[in-house]
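Visitor: The structure under discussion is supplied below as structure tokens; questions concerning it will follow.
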Amino acid sequence: MLAARGIPAYPEKLWSEIEGDIENEGGVIVIKRLRVKYHIKIPRGKRPEAERAVATHERKCPAATSVRNCIEIRYEADIVEE
């Protein structure tokens, strides 16, 4: 989604941190919530495009699509213009 908006997504330009909440349900450990924080370095003037990509990426993300009805996912992004 970033590349389509002219924003490089190389490992040094895009990475994430993920935290989760695990609960015990009847003796079974279950992942209940995930918090994803993206770190994105973008070219100057591309902030609107980066914010849009973050806001809409979930519907195209295979991982999010696979678990969306089972695990609550929250996203935030630290966007830095270079």
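Quick note: the coordinates plus some simple rules give every number you see, no bench work behind them. Quick caveat, the model's predicted, so the values are computed rather than measured. Virtual Cβ from ideal backbone geometry, glycine too; neighbours counted across all protein chains shown.
Visitor: Considering only residues that are more than 16 Å from the chain's Cα centre (by Cα) and loosely packed, with under 12 Cβ neighbours inside 10 Å, look in segment 13-33 and name the one that is nearest to Ile73 (Cα to Cα).
Guide: Among those that are more than 16 Å from the chain's Cα centre (by Cα) and loosely packed, with under 12 Cβ neighbours inside 10 Å, it is Ile22.
Visitor: Please state which of the following conditions Ala9 fails to meet, knowing it meets all the rest: (1) in contact (Cβ under 8 Å) with a residue 12 or more places away in the chain; (2) not in a strand (DSSP E or B).
Guide: Unmet for Ala9, out of (1) in contact (Cβ under 8 Å) with a residue 12 or more places away in the chain; (2) not in a strand (DSSP E or B): (1).
Visitor: Kindly provide the set of residues from segment 34-47 that are closer than 17 Å to Arg74 by Cα and either among the charged types (D, E, K, R) or loosely packed, with under 10 Cβ neighbours inside 10 Å (or both), ordered by number.
Guide: Of everything in segment 34-47, those that are closer than 17 Å to Arg74 by Cα and either among the charged types (D, E, K, R) or loosely packed, with under 10 Cβ neighbours inside 10 Å (or both) turn out to be Arg35, Lys37.
Visitor: If the requirement is being surrounded by 14 or more Cβ atoms within 10 Å (Cβ to Cβ), outside any strand (DSSP E or B) and not aromatic (Phe, Trp, Tyr), which of these qualifies: Ala50, Ala63, Ala55?
Guide: Step by step, each of Ala50, Ala63, Ala55 is checked, and only Ala50 is surrounded by 14 or more Cβ atoms within 10 Å (Cβ to Cβ), outside any strand (DSSP E or B) and not aromatic (Phe, Trp, Tyr).
For every residue, the table says whether it meets (1) of a type in the set (Lys, Arg); (2) assigned to a helix (DSSP H, G or I).
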position	(1), (2)
Ala4	no, yes
Ile29	no, no
Arg33	yes, no
Arg44	yes, no
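Visitor: Do you know which of the residues in segment 66-82 that are closer than 14 Å to Pro8 by Cα and not β-branched (Val, Ile, Thr) is surrounded by the most Cβ atoms within 10 Å (Cβ to Cβ)?
Guide: Initial filter on segment 66-82 (closer than 14 Å to Pro8 by Cα): 79-82.
After this cut, where a residue has to be not β-branched (Val, Ile, Thr) as well, the list is 81-82.
On the way: Glu81: 12, Glu82: 9.
Only one residue tops the list, namely Glu81.
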